[in-house]
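Working notes for the structure below.
The values are calculated or read from the model by the stated rules, or taken from the named source; none is laboratory data. Because the structure is a prediction, the values reported are computed rather than measured. Cβ coordinates were reconstructed from backbone atoms using ideal geometry, including for glycine residues, and neighbour counts include every protein chain displayed.
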Amino acid sequence: MTTKGSPTAPTDRIIGLDALRGVALLGILVINVRAFSMPEVVLLNPTAYGDFTGMNYWAWLAGHLLVKQKFITVFTLLFGTGVAMFVRNRERDGDPAVTLHVRRSLWLIAFGLVHAYVLWYGDILVAYGVTALFVVAARNWETRDLLLAGTALLAVPTLLTLLSALVADPGVFASSWQPADGALQAQIEAYRGGWSAQLAHRVDSALGRQTTGYIANTGWRTAGLMLYGMALFHTGVTTNDRSRAFYRRLVAVGGTVGLAVTAAGVWYITAADWAASAGLLWGQFNYWGSVPLAGAYLGAVMLVAKRWPTGVVTRGLAAVGRTAFSNYILQTVVATAIFYGHGLGLFGRVSRVAALGIVAAVWVGQIALSVLWVRYFQYGPLEWLWRALTYRTRPPMRATD
């Protein structure tokens, strides 16, 4: 049981919630590996670098339709759920809930800054920590208000994109859509080099994501999805308290709508022959399509957890979910050791298909390691440190009978 002033004990955890977090954590690597292994522009325009034919095209297409933004959306929804759950539990135990939440968020920002500037520019922890400082104010809102406000926040990047399409200089976006060969080669050489050679691009990209990128896009979307996550927590969706029929409907409707909208985007950009003039708007299809499809994945995992709560698959995914923070950083450490010059130096040398093979190998390793870890320890190493810093105490690390 959880005692006053202490973090949630493993025995109080929700298996479906942990399994869903594990699925999300594993899924985001499918897209992150593109940034780890190729120039950053491929996240915007996949035709800008690398072979885009045959199996490599199908590898991209499957990732785009089924994965891109879907699992980070699930992850963000769950973070919103986590904020609401954390504050509720701390208030229930008579702790200074908001004070602990603020301290917890500030430490997450600190972890994220180290991750972004020392290891990899694609960090999401800073955005989560900063946004959590604000969305906690909505923790007691009615479900309807959370959903309406979340939708309004999600709409802001779309409105900014439409405005940009009307008034921005097309040449500026075109240079981002298809950088010059020299710029691509410079990035490749940097990441095939040592840690210091990578520093200039890593700092520039991380800073851009945390400033202009956050203001124009990430902050609004993250806040909106966190509010959705709070609403889903209040209605029992993310805690697996709804009926099987509800989750089946979520899978059917979310999957159909999400795939249809995302596929329409692929048709749109393909019909435009991947022209920069269409590139500014085509991302909006997946931006919105990812939300219902993320709901379908949520429903599917909850159904599995209901049907086989102690099954091998559920327990394996839940183990990854319980150690998601540690596993997130571990993915960066492993991927940079494979692709960057301070490791094997495979940056820009691996096809999209081969990169997926590496992802599968990392998945196997992380699931096995996570299952073994939670057998002996209550928390992942970074989870333990985060809790210790938040509560200013030392939670017991070893698993107890």
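Applying the set (1) touching a helix residue (DSSP H, G or I) at 6+ places or on another chain (Cβ under 6 Å); (2) surrounded by fewer than 21 Cβ atoms within 10 Å (Cβ to Cβ) to Ile188 leaves exactly one unmet item: (1). Could you list, in sequence order, all residues of the stretch 112-138 that are in contact with an Asp or Glu (Cβ under 9 Å, 6 or more places away or on another chain), in contact (Cβ under 8 Å) with a residue 40 or more places away in the chain and closer than 18 Å to Thr222 by Cα? Matches in the stretch 112-138: Ala116, Tyr121, Gly122, Ala138. Among the residues making up the stretch 216-270, those that are crowded, with 16+ Cβ neighbours inside 10 Å and charged (D, E, K, R) are Arg221, Arg242. For residues in the stretch 155-191 being in a helix (DSSP H, G or I) and of a type in the set (Asp, Glu), which is farthest from the chain's Cα centre (by Cα)? Filtering the stretch 155-191 for residues that are in a helix (DSSP H, G or I) and of a type in the set (Asp, Glu), the one farthest from the chain's Cα centre (by Cα) comes out as Asp181.
Restricting attention to the stretch 370-401, the residues being touching a Pro at 6+ places or on another chain (Cβ under 8 Å), more than 23 Å from Val98 (Cα to Cα) and not in a loop (DSSP other than H, G, I, E, B) number 1. Within the stretch 276-307, being at pLDDT 95 or above and either aromatic (Phe, Trp, Tyr) or in contact with a His (Cβ under 6 Å, 6 or more places away or on another chain) (or both) holds for Phe285, Tyr287, Trp288, Tyr297. Taking the numbered list (1) touching a residue at least 40 places away in the same chain (Cβ under 8 Å); (2) surrounded by fewer than 22 Cβ atoms within 10 Å (Cβ to Cβ); (3) aromatic (Phe, Trp, Tyr) in turn, Phe36 passes all entries but (2).
Of everything in the stretch 331-366, what is closer than 13 Å to Gly22 by Cβ and surrounded by fewer than 20 Cβ atoms within 10 Å (Cβ to Cβ)? Give them in sequence order. If the condition is that a residue be closer than 13 Å to Gly22 by Cβ and surrounded by fewer than 20 Cβ atoms within 10 Å (Cβ to Cβ), then Trp363 is the only one that fits.
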